[in-house]
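The values are calculated or read from the model by the stated rules, or taken from the named source; none is laboratory data. If you're wondering where the values come from, they're calculated on a predicted model, not measured in any experiment. Note: ideal-geometry Cβ built from the backbone for every residue, glycine included; neighbour counts use all protein chains shown.
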Amino acid sequence: MALKKITPGLSDKTFVTNKTKFNSDIDLSFNPKPGSLGSDNVQRGDIYKKTDAAAVTQSIENILLTNFNEKPFEPKFGSNLRSMLFELNDDFSESFISQIIKNSIALWEPRASVLSVKLYADEELIRTGSEFVVQNINNIISIKVEFLIRNLEGTFTASVNMNRLR
């Protein structure tokens with residue numbers, strides 16, 4: 001037999017309410033807010049926060065720029081795109097890279113759903129014999145990800161530029 005505790009003056013009805021969840025994160029530039037002077041004449045202040053769309057956009061950019069094994073205790077965090085910059089040009093297709101980006105964002109950023117991924121490169125047509133070959137001359141790839149954020153209206157874009165330095 002189950003017992004039910006009854007508290008006088010309180011009802012046992014359950015109320016369901018909507019709660020709006022705000023997206024927030026720290027700004028990774030770590031610029032301090034202007035604060036007050038401490039006793040040692042050093043200005044103290046908090047750091048800025050990114051909220052809503054800016055927080056999710058920053059998170060997506062971090063996922064794209066992070067290689068595997070860079071984040072402690074999360075060896076598969078990121079998209080491992082920088083490792084592809086050192087591979088041959090014909091090893092990976094644009095659709096393969098787009099799928100990697102979509103999968104990594106779906107796995108690590110549940111607040112966003114990807115609409116499209118566009119890749120741009122500084123390319124030049126180079127004549128080899130009787131054919132022209134497209135070659136990435138500056139080893140620069142620009143990635144633009146268009147996405148939706150849950151609980152927010154509109155589409156947003158995250159842009160990342162990656163280059164290989166020698």
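Which of (1) at pLDDT below 90; (2) closer than 21 Å to Thr155 by Cβ does Thr14 not meet, given it meets every other one?
Single failed check for Thr14: (2).
Determine which member of the set Ser59, Ser95, Ser83, Ser113 is among the small types (Gly, Ala, Ser), surrounded by 12 or more Cβ atoms within 10 Å (Cβ to Cβ) and without any contact (Cβ under 8 Å) to a residue 40 or more places away in the chain.
Ser113
How many of the residues in the stretch 120-154 are at pLDDT 85 or above and surrounded by 12 or more Cβ atoms within 10 Å (Cβ to Cβ)?
So the count comes out to 8.
Out of Glu70, Glu61, Glu74, which single residue is touching a Gly at 6+ places or on another chain (Cβ under 7 Å), closer than 30 Å to Asn161 by Cβ and at pLDDT 70 or above?
Glu70 is the lone residue from the list that is touching a Gly at 6+ places or on another chain (Cβ under 7 Å), closer than 30 Å to Asn161 by Cβ and at pLDDT 70 or above.
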